[in-house]
1. Scan the range 125-145 and tell me whether some residue there is in a loop (DSSP other than H, G, I, E, B), among the acidic types (Asp, Glu) and over 18 Å from GLU227 (Cβ atoms).
2. Residue check, TRP271 against (1) within 27 Å of GLU187 (Cβ to Cβ); (2) open to solvent by 10 Å² or more (accessible area, probe 1.4 Å); (3) in contact with a helix residue (DSSP H, G or I) (Cβ under 9 Å, 6 or more places away or on another chain); (4) not charged (D, E, K, R), all met but one. Which one?
3. Can you name the condition, by its number, that GLU28 falls short on among (1) under 30 Å from GLU467 (Cα atoms); (2) at pLDDT 95 or above; (3) surrounded by fewer than 15 Cβ atoms within 10 Å (Cβ to Cβ)?
4. Is the range 180-187 home to any residue that is over 20 Å from TYR315 (Cβ atoms), part of a helix (DSSP H, G or I) and of a type in the set (Val, Ile, Thr)?
5. Please name all residue pairs, on different chains or six or more residues apart, with Cβ atoms under 6 Å, provided the first residue is in the range 420-447 and is on the phi > 0 side of the Ramachandran plot and the second residue is surrounded by fewer than 19 Cβ atoms within 10 Å (Cβ to Cβ) and modelled with pLDDT of 95 or more.
6. Would you tally the residues in the range 48-67 being closer than 20 Å to HIS458 by Cα, open to solvent by 20 Å² or more (accessible area, probe 1.4 Å) and of a type in the set (Val, Ile, Thr)?
7. Name the one entry in GLU440, GLU469, GLU477 that is under 19 Å from THR422 (Cα atoms) and either open to solvent by 30 Å² or more (accessible area, probe 1.4 Å) or of a type in the set (Asp, Glu) (or both).
8. Which ones in the range 370-388 are among the polar types (S, T, N, Q), in contact with a helix residue (DSSP H, G or I) (Cβ under 6 Å, 6 or more places away or on another chain) and either within 17 Å of LYS329 (Cα to Cα) or open to solvent by 30 Å² or more (accessible area, probe 1.4 Å) (or both)?
Amino acid sequence: MKSLKFLSITLIALMLVSSCVQKQTELEIEVVETSRSGNKLSKIDTFSQVESTSKISLNPKKTFQTFTGFGGSFTESSAYLLNQLSEENRQKVIDAYFADSGARYSLTRTHMNSSDFSLGQYSYAPVEGDTLLKNFSIEEDRDDIIPMIKDAMAASSEGFDIISSPWTAPPWMKTNNEWVGGELKREHYDTWALFFSKYADAYKAEGIDIWGFTVENEPHGNGNNWESMHYTPEQMTEFVRDYLGPQLEKDGKGDLKILGYDQNRKGIKEWVDVMYKNEANAKYYDGTAIHWYESTFKVFPEALQYAHEKAPDKYLIQTEACVDAEVPKWQDDDWYWQKEATDWGWDWAPEDQKHLHPKYRPVYRYARDIIGCMNNWVDGWVDWNMVLNRQGGPNWFENWCVAPVIVDPDQDEVYFTPLYYTMAHFSKYIRPGAKRIDFESTDKDLQVSAATNPDGSHVVIVFNPSEEEKVFDLTLEDVTKTISISPQAIQSITITN
């Protein structure tokens, strides 16, 4: 009897130990999916019972860049449209982008002076010859951009950073005295530097802190299009080194970030070679800003890696991207998954560049680009307009584009396109301060990136562009979970233990 009793106690103890071990070896995961079949950040609790065909193995001990954030841009066009909606729908859009229940945008951008996504052309320094900027005023922003930012701040529990970018100095400061094209007159380098400082003060007086600046949106210029101003790498670096950086430092704003370049990735090399040529040039640059318009499918990893290696301790931030040269498709989710979109290059690119601009799938372009940027040292990714109308504006130059949220103010209707959900897969789950981590994926069709958040949770982004379900084993520290992802879908997988 004693031996039986002992055996029973031993068996119970072994069962308890086994249960504890089992609990410790189960990955606690949350999976959300957006798919062509209709999932929209939908929680996935059950997975295919088909045997896995590949593996994704995480190695959180090997880390790369720290993420600054993901988000979109406050433009006059977006803010104007929100003003046309009912209070309920306005708040619905704000919360969708910034509330904990929404995409939780953490990095944003806005324009200083007007851009093409403004209702018209304006400057905060309209008085010619006002070199001390005594008449400087952000009055133009008080009815639209400022209220939109303040509403976003109220909705966001963790806050967000704002990058401000000028498209042009006021015409009177430029060589051609025009809104479009031209260069900054040398005699106004100091006044233009003061302009940035005045802008930061004016926004701070409204209760809005600016995180940093790009020196110039698209310094190669749009000489025949909308607001623009041209710099060479040498001119921009001289302006930053000798004027903008010292002005901000003198005014007690040395903590404001300065990002150089701010145009397409393929041209990074010639810019960072000058920006980071020596300690004097690099002193006031905090990083490099880039856009994606060089191609509808290429990420240009070599250019991104080159920029990182040139300045490994500096920011590398994607500051603008959108589906351009398109009129948005209204309440037609499937269009965003189809290979039907075109961009400016479809019609206007030189013959030797047309191969970079084939028709493409908007969701694929976003998912592929963000993952590719993450895996090549980019630490922040900012979309362009948050809200546009059914025409793809308002845009004074009629440069129609697509935004993740499309509205019809006349009918007070809001349409969250699949691009909104695609952006949220990154912004909602990968938080500022997260570090990209190493991984290995055996399925070359799946596009993957991974990060560890400041709270210790791991996030794996998986994009399946194929037209078949994929089943894979996700492994962390020898613990495995089998997961399936729908055809043409993106998943955010959060591991909480």
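The values are calculated or read from the model by the stated rules, or taken from the named source; none is laboratory data. Predicted model, so just to flag it, every value in this text is computed and none were measured. Counting neighbours? That spans all protein chains shown, and the Cβs are built from the backbone with ideal geometry, glycine included. Note: areas computed on protein heavy atoms with side chains; ligands, DNA, RNA excluded. Shrake-Rupley method; radii C 1.70, N 1.55, O 1.52, S 1.80 Å.
1. Yes, some residue in the range 125-145 is in a loop (DSSP other than H, G, I, E, B), among the acidic types (Asp, Glu) and over 18 Å from GLU227 (Cβ atoms).
2. The failed condition is (2).
3. It fails just one condition, (2).
4. Looking for residues that are over 20 Å from TYR315 (Cβ atoms), part of a helix (DSSP H, G or I) and of a type in the set (Val, Ile, Thr), one finds none in the range 180-187, hence no.
5. GLY433/PRO454
6. Count: 2.
7. From the options GLU440, GLU469, GLU477, the qualifying one is GLU469.
8. Result: ASN385, single match.
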